[in-house]
Amino acid sequence: MTSMVILIIVLALVFDYINGFHDAANSIATIVSTKVLTPFQAVLWAAMFNFVAFFMFKDHAVANTISKTVAENYITLDVILSGLLAAIFWNLLTWWFGIPSSSSHTLIGGFAGAAIMHAFMEKGMMPISQIVESDSIMKTIYFIFLAPIIGMLLSAYITLVTISRKMWLKLSFIAVSSVALFLIFDYYMGVKLEENLSKFYRVDKYKKEWKKHPDDLKIKANYDLAVQHFEESKPFLEEYKSKGSEYVVQNIISHVDVSDIQINKQREVVEKILRFGALKKDAFFDTSKIAVYEAAKEKIHTCQPEFENLSNIGDSATAVAISSKLSLGDKERIKFIDAYKIDVAKSLRKDLEKADNRTLSYIMMVMFALFAGIYIYVEKIKVPTAAKMNNMFKKLQLLSSAAFSLGHGGSDAQKVMGIIGAAMIASGQIIDFKEIPNWVPLACYTAIALGTLSGGWKIVKTMGTKITKVTPLEGVGAETAGAITLFLTAQMGVPVSTTHTITGSIIGVGATKRLSAVRWGVTRSLLFAWIVTIPISALVAALVYLVLCLI
């Protein structure tokens, strides 16, 4: 691992730490302002659930989206470093002035801005759509507005249901809401299972390559074969929920020919050894390096007979034969043979299990069941009084704030994972984001939890008191709505802002009292900060990249 990659990983974790204390207010503002917990108790509570999210969020779809914000050819270590430095600068600046801006959008803007400057310096003026992945950027921009609106509507709905005096009507709404959310998450689990199966067969990859080279019959054949295998395998997914991943994987392996997947994985090992991705990128920007790239391409092509003969000679013999062709030294040969142990079934099982979101569904169902049980206890078993109701919502707020902190950790830690993954791909450490080492998510969740533990007192005041005065009842509504929004968008792979989400939720509970209860002047200022975050971060990152190039 090069010193530049190590520097980027360190800075990424520093950013994650800053993200934690910058966004700590999102998790603790309402619970502190309602005096349910002291500030110190609140940050301990939030930090703990930030870290617990590591065990709950299996599919790192948000991280994958972040890592693919920029087109592959324009992702370099200098671009990533510049984007990170710009993001750290903007995060610290907004924290100092108490502005609850989005750490997510700061990171995305910085990454994109540095890549645009890199492309301009290497290739001159060109369409931005060729540099950044428009689908990822537009999805993020849409949710600048959609995330707070969803949070606002959900929090208003939860608050209105909660204050209803008709007990059985309230319980009916809770039951309907629970079923609706369960079905939504069940639907997204099905979508993710198919999406991950499609990625396993590289359908999207071949489709993208075919669009770039529509006359290449080999790419077209690869795409058609991948689609065929995907369609043959898809019916087996129907039994995933009832019989589990092992049963589904064994059925797929038994009925579908996955030898081409085996060959592709072997080729990827060879490409990693030869730093093929870096050579391809160098050739893209510098025509004098095309010959080196073509030579590497030819070396890989000479290994094709060994790839195709794997079933006859086995992993180890194939690895030895290929390492001899590549003229590797003794140390490289040993590493290569160790890296060549390919288990297609294990890889498929891992991909499918990432889509299993039932843990998050169960968490939400338990939350709703507890809400219903407490409502019944307080209103039917005990005689309700104002003091008893207030105490009940203080206890419920512990639950809702924990859920929101879980969503905050699960959503925001992934964004830094995406940056570290992009750096490791750009440096040739890994071929695809799916290969990201297990220590990366563990380090990211730990860093954000430690950052939250440090607090963010300047922003707490804005979030907890300046938008609207929040009671324990309204705190429960805002945090529950924010948690549901974050859980849902994480399933969709959308890098939303926890700041935007909880702000919209707080506005929603304030508006249920009366529209004038919301301080709209403060809200307009926040909205302006949200809108300018991406372009300003992009501009700062572009300048940082320019300075790094001139040093």
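The values are calculated or read from the model by the stated rules, or taken from the named source; none is laboratory data. Please read these numbers as outputs of a predicted model, since none were measured by experiment. Glycine gets a Cβ as well: all are built from the backbone with ideal geometry, and neighbour counts include every protein chain shown.
Just a yes or no: is a residue in segment 270-277 surrounded by fewer than 16 Cβ atoms within 10 Å (Cβ to Cβ) and at pLDDT 80 or above?
Going residue by residue through segment 270-277, those that are surrounded by fewer than 16 Cβ atoms within 10 Å (Cβ to Cβ) are 275.
Filter once more, so that each one left must be at pLDDT 80 or above: none.
Within segment 270-277, not a single residue is surrounded by fewer than 16 Cβ atoms within 10 Å (Cβ to Cβ) and at pLDDT 80 or above.
The residue list Ile88, Ile9, Ile28 contains one member that is in contact with a Pro (Cβ under 9 Å, 6 or more places away or on another chain) and assigned to a helix (DSSP H, G or I), which is Ile28. For first residues located in segment 40-63 and touching a residue at least 12 places away in the same chain (Cβ under 8 Å), partners that are in a loop (DSSP other than H, G, I, E, B) and lie 6+ apart or on another chain with Cβ distances below 6 Å form the pairs Val43/Gly455; Lys58/Lys354; Asp59/Lys354; Asp59/Ala355; Ala61/Gly493; Val62/Gly493; Val62/Pro495.
For segment 354-462, give me every one of the helices (runs of 4 or more DSSP H) that falls completely inside it and has 2 or more residues that are of a type outside the set (Lys, Arg) and at pLDDT 80 or above. Outline the logic, then answer.
On the way: elements: 358-376, 386-426, 439-454, 457-461.
Helices (runs of 4 or more DSSP H) meeting the threshold: 358-376, 386-426, 439-454.
Check Met4, Met48 and return the single one that is assigned to a helix (DSSP H, G or I), at pLDDT 80 or above and either more than 19 Å from Thr452 (Cβ to Cβ) or among the charged types (D, E, K, R) (or both). On inspection, the qualifying residue turns out to be Met4.
Has segment 523-530 got any residue that is modelled with pLDDT under 80, under 26 Å from the mean Cα position of the chain (by Cα) and either of a type in the set (Gly, Ala, Ser) or outside any helix (DSSP H, G or I) (or both)?
Initially, segment 523-530 is screened for residues modelled with pLDDT under 80, giving 523-530.
From what is left, the residues that are under 26 Å from the mean Cα position of the chain (by Cα) are 526-530.
Checking which are either of a type in the set (Gly, Ala, Ser) or outside any helix (DSSP H, G or I) (or both) leaves us with 529.
Yes, segment 523-530 contains a residue that is modelled with pLDDT under 80, under 26 Å from the mean Cα position of the chain (by Cα) and either of a type in the set (Gly, Ala, Ser) or outside any helix (DSSP H, G or I) (or both).
Among residues that are of a type outside the set (A, V, I, L, M), modelled with pLDDT of 80 or more and under 21 Å from Phe145 (Cβ atoms), Thr501 is included. In segment 199-226, the qualifying residues are those that are in contact (Cβ under 8 Å) with a residue 24 or more places away in the chain and of a type in the set (D, E, K, R), and the one that is surrounded by the most Cβ atoms within 10 Å (Cβ to Cβ) is Arg202.
Out of all the residues in segment 250-262, is one or more aliphatic (A, V, I, L, M), modelled with pLDDT of 90 or more and at negative phi? Steps first, please.
In the first step, residues of segment 250-262 are kept if they are aliphatic (A, V, I, L, M); the result is 252-253, 256, 258, 261.
Now restrict to residues that are modelled with pLDDT of 90 or more: 252.
Subsequent filtering for residues that are at negative phi retains 252.
Yes, segment 250-262 contains at least one residue that is aliphatic (A, V, I, L, M), modelled with pLDDT of 90 or more and at negative phi.
In segment 253-267, the residues that are of a type in the set (D, E, K, R) form Cβ pairs under 6 Å with partners that are surrounded by 17 or more Cβ atoms within 10 Å (Cβ to Cβ), at six or more places apart or across chains, as follows: Lys265/Ile342. Residues that are among the small types (Gly, Ala, Ser) and farther than 22 Å from Asp432 by Cα are absent from segment 56-78 altogether.
Considering only residues that are part of a helix (DSSP H, G or I), closer than 27 Å to Phe230 by Cα and more than 25 Å from the chain's Cα centre (by Cα), which ones fall in segment 164-215? Trp210, Lys211, Lys212 - these are the residues of segment 164-215 that are part of a helix (DSSP H, G or I), closer than 27 Å to Phe230 by Cα and more than 25 Å from the chain's Cα centre (by Cα).
Can you work out which of the residues in segment 110-168 that are among the small types (Gly, Ala, Ser), at pLDDT below 85 and closer than 27 Å to Ala483 by Cβ is surrounded by the most Cβ atoms within 10 Å (Cβ to Cβ)?
So the first thing to find is which residues in segment 110-168 are among the small types (Gly, Ala, Ser), and the list is 110, 112-115, 119, 124, 129, 134, 136, 147, 151, 155-156, 164.
In the following step, the residues that additionally are at pLDDT below 85 were identified as 124, 129, 134, 136, 164.
Remaining after also requiring closer than 27 Å to Ala483 by Cβ: 136, 164.
On the way: Ser136: 21, Ser164: 14.
The extreme case among them is Ser136.
Annotation note: of Glu294, Glu298, Glu268, Glu332, the sole residue that is of a type outside the set (Phe, Trp, Tyr), under 30 Å from Val248 (Cα atoms) and in a helix (DSSP H, G or I) is Glu268. With respect to Ala345, is the statement that it is surrounded by fewer than 21 Cβ atoms within 10 Å (Cβ to Cβ), in contact (Cβ under 8 Å) with a residue 24 or more places away in the chain and either among the aliphatic types (A, V, I, L, M) or more than 15 Å from Asp59 (Cα to Cα) (or both) true? So Ala345 fits the description; yes.
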